[in-house]
Structure formats: structure tokens, C-alpha cells
1. Grab the other residues whose beta carbon is less than 13 angstrom from that of Val96, score K and R as +1, D and E as -1, and report the net.
2. Return the sequence-ordered ³J(HN,Hα) values of the range 210-220 in whole Hz as given by the Karplus equation 6.51 cos²θ - 1.76 cosθ + 1.60 applied to θ = phi - 60°, using x for Gly and Pro.
3. Counting only residues 5 or more places away or on other chains, whose amide H sits under 5 Å from the amide H of Cys263 once H atoms are built in the peptide plane?
4. Sort the following peptides by mean Cβ neighbour count (other Cβ atoms within 10 Å, averaged over residues), highest first: 227-235, 254-262, 5-13, 201-209.
5. Through the Karplus equation 6.51 cos²θ - 1.76 cosθ + 1.60, θ set to phi - 60°, convert the phi angles of the range 65-79 into ³J(HN,Hα) values in whole Hz; use x for Gly and Pro.
6. Can you give me the long-range amide H partners of Val339? Hydrogens built in the peptide plane at 1.01 Å from N, cutoff under 5 Å, separation of 5 or more residues or another chain.
7. May I ask you to list the trypsin sites (Lys or Arg not before Pro) in the range 238-274 that are in a DSSP loop and have at most 13 other Cβ atoms within 10 Å of their Cβ?
8. Determine the order of Ile252, Ile190 by accessible area, beginning with the largest, at a probe radius of 1.4 Å.
Amino acid sequence: MRFKAKLTNDQLSVFHGVISPMSKLHDPMAAAATTTTASSSSFWLSSSPSSRVAVIYLDEEYLRISCKSFDMTCFAELSQKELFLEHRIESAADNVIVLQVDLQLLKVALQSVIQSSGHGGYYHNHQQQQKQQSSRSNNNNNRATSSSSAMQTLVLQQQVVILKLAKRNNLPCLCIEGRSAVTAENDVEIYQAIPVLIMRQSEMQHHLPPRINNPQVQLELPPTPIRAVIDKLKGMSKHIVLEGNMKGDLSIRIDQDGASLACFYNHLIPRWPQEEEEDENDIDDNGGRREEDGQNNTGNNPNQKKLSSSSTSSSCVIKVDSQKLSTCLQWQQQQQLPVTSCLLGMVYNEMLVLHILLAPAQVGFFTYYIPVHFLQQDDLIV
């Protein structure tokens, strides 16, 4: 059984950007109850809180991460061709490796390599802006210094981080090897080993995303993060009511005995389930949409237009725990995480779904599944 992959600093930042919010998806009370046990039994997976343990599924094409905590689920699927510079995987189970890992330990290990290399997402563009500003303000006497720092930046950008599966002290570990290069002359090698538990391939069926009905309402959230709104409402109520329709309207409110407070969004983009299937099936190798008979598939189907016009009256009301919703929006704080869009799906009396698409589209996605409170017909009357 072998697995080895190479990542650039930007790819490592994207991987850390996905792992970091998933590592916070746990029950605080359960984590506090097991803190003493975890500290006394260092570096062994069985002593970690069960809510922090995730399952990673590796094959020749994808890296899938499944994290179940309390009654919430987060599932990520990343393309290895986009996430890694190169990778190699070998196993007796059709080149498939399934393992359990503590996401908190994995996040800390990735963060240590990122901080030591001075990288943090979109680092290349940030350094270019700094060099342009410094070159405008500097005179001819310090051009040599600018050239030297540019060479040092180039050395940092060319650093490659290795992620591999190996044994340490006769225990299987997910190892991360990086290099801290503050200057071109001096560098420090960094080695991190996170203990893992190897699983059978058949066990992955217990860690797949939950099967749910098609959402009645599915909207694309605005570019402005809504977590700030959720956090303010969270301090006033334990539950938040979301009401949306396929016309592009979404309201987020709290209802109490004395008053009701609401925040309204309109002109959101509704997303139809058939559009999602076309988006996944009509992407070519270059990231563009395939065309058939000289026409683009988007919006040219009259049956689809008829279905869309008749479905605009669809609406849905759900009631969700405010703390859980705030936890599932922690990814909006990750500046190094390139996100294309976030889709909010509402299934009445069943589930709230947050589907986050990464940029570019070939990298992958991660999805949150948040259970909702059961609503009676009387509860829908405000």
C-alpha cells in the first residue's frame, strides 16, 4: 500500500482551506468531555473525540473526505489532478485506500507548513503587488536589493510539499514534508506525522452523504458572506427560520415571544436540479461547456423554460439550529479558499444543504448537511 503526492504552496493552501472548517464541525460538549483522555494518550486515534475523526477515501482520480459530527455531515470531493502536482497510489484493493484521521491534527500540521513557508493563499499575486509598490517607491540604489528579494520569492514559490502514507514507530501515519525557506541560502526541513487508522474499502459505504429528497428551493447565496448576520441572530435565539422561494427571495429571521427580527435577500439566482446535472455533464476537459448542433445547451430547451416558469412558485420554510448553521458557514472566513459559488438547498422538514463549489470548477466541492426541526402547519403562520 503506497500513496505519495506533491503539492505547491497554493495547492496546499486550498487543501488547508477545506480541512480547516471541516475540523470545526464537532460537538463542543463532546470535545470538552474527551479533552483529558486525548491529552493523556497522545498521538493515538482512538483517544481523539469521535466527532473530530474523518474518513478519507483515496483512489486514482479523487480524494473524498467524510466528516460526521453529532447529527451534521460534511462531504468533500477533490480532484487529485487539480489538487496535486503529481500523485501515485497503489493498493491491493483496486488502488483504493480508506483511512481515518483526526482533522484537528491534520489542520495543525498543514498550517505549520503554510506558516513556515510564508504562504497563505494567492501568495503569488500578493507578492507581485508588493513588488510593484516597492519598485515605484524605491530609487535606483536599491534595485539590487529588490532583485535579490524577487529571487528569494521565486525560490519560495518553487517549494514542493510532499504528502505521503508511511509508517512511524510501526504505526501508519499520514506524513507531510515541507521546507521553510526564509532566505535562499538557509532553509529548515519540516516533518509532520499524523496517525491514521487503515480501513477496509467496503466500510466507506457507511460514510457516504445522506440520501435526501430533492430540495423544494435551491438558491445561490450572494457573494457577501452571510455568517455575520447569522452570528448576530445566534446571540438572540437558538433557532433560525429560513424562508425562500424560487423567485430568488430569501428571508432569515428569529421569532420570539415579544418580537420578530428578519433579514431579507432578493434577486438571488435560483438553481434548478436539471441545471446542476447539465453543469456537471457539460463541462469539457478545458473547463468550458460542451455544445451540441452548434448551440450551447444553456437555456435553449423550451421544455426546460416551461418547467422553470411553472416552478417559480415553489417555496419552503425550515427551522434550523443557529449554532449549527454558524459552524457550517466557517468556510467564509477562509480567505485562501477560492470559492465559485455556494448553493443553499431547502428540503421541508428534512435537511438544509450548503453546496460549495471551488474554483476552478475541476477542483471539486464540499457539502454540508444540516438537519432541521420539524414544523407543524401552525408554526408556518407568522
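The values are calculated or read from the model by the stated rules, or taken from the named source; none is laboratory data. Just so you know, these numbers come straight off a predicted model, no measurement behind them. All Cβ positions, even for glycine, are placed from backbone atoms using ideal geometry, and neighbour counts span all protein chains on display. Remember, those area values only see protein heavy atoms, side chains included, never the ligands or the DNA or RNA. Shrake-Rupley method; radii C 1.70, N 1.55, O 1.52, S 1.80 Å.
1. Neighbour charge sum, excluding Val96 itself: -3.
2. Per-residue couplings from phi come out as x, 8, 10, 6, 5, x, 6, 10, 9, 10, 8 Hz.
3. Ile252, Arg253
4. Top of the packing list down: 5-13, 227-235, 201-209, 254-262.
5. Values per residue, Gly and Pro as x: 10, 10, 10, 10, 9, 6, 10, 9, 9, 10, 10, 10, 9, 10, 7 Hz.
6. Ala359
7. Lys238
8. Ile190, Ile252
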